[in-house]
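To keep things clear, I will list the structure first and then write my remarks on it.
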Amino acid sequence: MITDAENLALHYGMQFFDLDGFFPDSELIARFPSQLLFRETMLPIEQKNGSCVVAIANPLKLDAIDQLHADSPWPVETVLASSDLIKRTLHRCLGLGGGTVQDLVAISNDEAEELCAAGFEEIDDKSKASSVIKLVNELIVEAIAQRASDIHIEPEKQDLIVRFRIDGVLHEQSVPNEIQRFRAAIISRIKIMAKLNIAEKRLPQDGRIHLNLKGRELDVRVSIIPTHFGESVVLRLLSGSEAGLGLDKVQLPESIRRTWNSLIRRAHGLILVTGPTGSGKTTTLYSSLAEIRSPHIKIMTIEDPIEYKLRQISQIQVHSEIGLTFSHGLRSILRHDPDVVLIGEIRDTETAKIAIQASMTGHLVLSTLHTNDAASSITRLVDMGVEPYLVASTLESVMAQRLIRRLCTQCRCAVDRKQVEVPSGVSIVEPETIFKPVGCRVCNGTGYAGRQAIFELMINTTKVRELCLGNASADMLQQAAIQDGMQTLRQSAWHLVATGVTSLEELYRVCPSTDS
């Protein structure tokens, strides 16, 4: 299939150069102004016959081509290449924000120290402050382009490490070595954007940034903590929009979808979604609320933080510093005559007891817990001090979930079935074709592109209720639920392996033992 870049090359009678898998000479690239290369999307490829071959993305940028001729020590020959691949190769060779950092490197040490020490009112007046602003913007835009959920900025003794969490896995980003000189200025810029105290460097700080990128709203949660070598920053990127919500997008298996639809429409009871941080619990609950909301139902939430803003739903942000905790806010919510209540997380005994009481008095209560599987949620509530008979009588169901990476369909490779050992803890399902990850330019060499949730839904059946009343262990509760038809997380993951959605390696990473 001919790409747009190849069509453009044919149209203008230019040679097309495929940069996929190409590694240029870093010394050759260093002979050109990196600001020009990044700004105009150009890449020096090779020297031959006394000339320099340069890949360009837009042959109509004549001024940029003329500037390249002026800055080159050799005559320049241009070829056409993919814009995305030129940018990716520049990032790999010069580092993320390489052109912007070169602007900053040009200033003196005294100016750099002055810039790093600039305060809230001063930074926009500094001659090079705009470069710091541009660098932080480039960092966020690149993270979004790579589908990252988090940006980690971590200081070392003589370095600054930047990592993106993509599909749940951290990937270190190439950045220029000189960036470490300006780490204080970068962190100051982030603090300014998040309206944090720029002078406080000894205490952790949390903030929020609201951005609008090309018409797309983005909420960024900012967490800053002091470490031995300086302040470490984590930026959590959230869409802030309900456009991506809905049970169709959650991709619940049809058997679970039918049951879950019935559960979230009950008049009262407690429904829990459990799993580790970053397993998609909040998205599932928000999607469930979006499914059931109507002008006839009063829905209220108390959250920390509010990750999506939903229409027709009253949402409360926890503010522990002024006494608005989950438990305190929940008491107030119950006096507001809601039909459905969402509690962001059951963290303590008081919140657990109020949630149980609310579910007994005609409210449907949805919340999250941090446990490894569905059965452990029952024992966790009992450990929190909730009486077993109250758990047995009010808990309707618990759904545990994880996010598992999907194989890149452009490069996945089939595996000989004879070499595949079926994991323990799953029923034998004859796989269609089992694939393994390879890596290509589409998936940035990871072999995976995107994630999908796996689930186990435990219903509080008569057998499970009797075991709960007898204070049974989580293992006994899980076995009873399996006998009643529950599909475990590992079984759910194996189904995706057997249908070619994910790999066996990913199953073992996400579900390392039969207990999960």
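The values are calculated or read from the model by the stated rules, or taken from the named source; none is laboratory data. In this text, all values refer to a predicted model and were calculated from it rather than measured experimentally. Note: ideal-geometry Cβ built from the backbone for every residue, glycine included; neighbour counts use all protein chains shown. With ligands, DNA and RNA removed, areas are computed over all heavy atoms of the protein, side chains included. Shrake-Rupley method; radii C 1.70, N 1.55, O 1.52, S 1.80 Å.
For segment 25-39, give me the residue count where each residue is out of contact with any strand residue (DSSP E or B) (no Cβ under 6 Å at 6 or more places or on another chain) and closer than 15 Å to Leu85 by Cβ. Qualifying residue count for the region: 2. The residues listed here are Ser288, Ser255, Ser262; of these, the one that is of a type in the set (S, T, N, Q), part of a helix (DSSP H, G or I), within 24 Å of Lys353 (Cβ to Cβ) and over 15 Å from the mean Cα position of the chain (by Cα) is Ser288.
Among residues of segment 410-422 that are in a loop (DSSP other than H, G, I, E, B), those with a beta-carbon under 9 Å from a residue that is open to solvent by 100 Å² or more (accessible area, probe 1.4 Å) at least six positions away or on a different chain give the pairs Val422/Ile428.
Does segment 226-244 contain at least one residue that is over 30 Å from Gln401 (Cα atoms), of a type in the set (A, V, I, L, M, F, W, C) and modelled with pLDDT of 90 or more? So far as segment 226-244 goes, yes, one or more of its residues are over 30 Å from Gln401 (Cα atoms), of a type in the set (A, V, I, L, M, F, W, C) and modelled with pLDDT of 90 or more.
Looking only at residues in segment 21-32 that are outside any helix (DSSP H, G or I) and modelled with pLDDT under 80, the one that is nearest to Asn177 (Cα to Cα) is Ala30. Among the residues of this structure, Asp150 does not count as one that is touching a strand residue (DSSP E or B) at 6+ places or on another chain (Cβ under 7 Å), closer than 25 Å to Gly278 by Cα, modelled with pLDDT under 90 and not hydrophobic (A, V, I, L, M, F, W, C). The listed residues are Ile434, Ile459, Ile454, and the only one of them that is in contact (Cβ under 8 Å) with a residue 60 or more places away in the chain, open to solvent by less than 80 Å² (accessible area, probe 1.4 Å) and either over 16 Å from Ser377 (Cα atoms) or in contact with a Gly (Cβ under 8 Å, 6 or more places away or on another chain) (or both) turns out to be Ile434.
Residues in segment 167-184: is at least one assigned to a loop (DSSP other than H, G, I, E, B), surrounded by fewer than 17 Cβ atoms within 10 Å (Cβ to Cβ) and touching a Gly at 6+ places or on another chain (Cβ under 9 Å)? Looking for residues that are assigned to a loop (DSSP other than H, G, I, E, B), surrounded by fewer than 17 Cβ atoms within 10 Å (Cβ to Cβ) and touching a Gly at 6+ places or on another chain (Cβ under 9 Å), one finds at least one in segment 167-184, hence yes.
Scanning segment 217-234 for residues that are open to solvent by 30 Å² or more (accessible area, probe 1.4 Å), touching a residue at least 24 places away in the same chain (Cβ under 8 Å) and under 26 Å from Arg147 (Cβ atoms) yields Glu217, Arg221, Val234.
Residues in segment 400-433 that are over 22 Å from Tyr448 (Cα atoms) and among the acidic types (Asp, Glu): Glu430 only.
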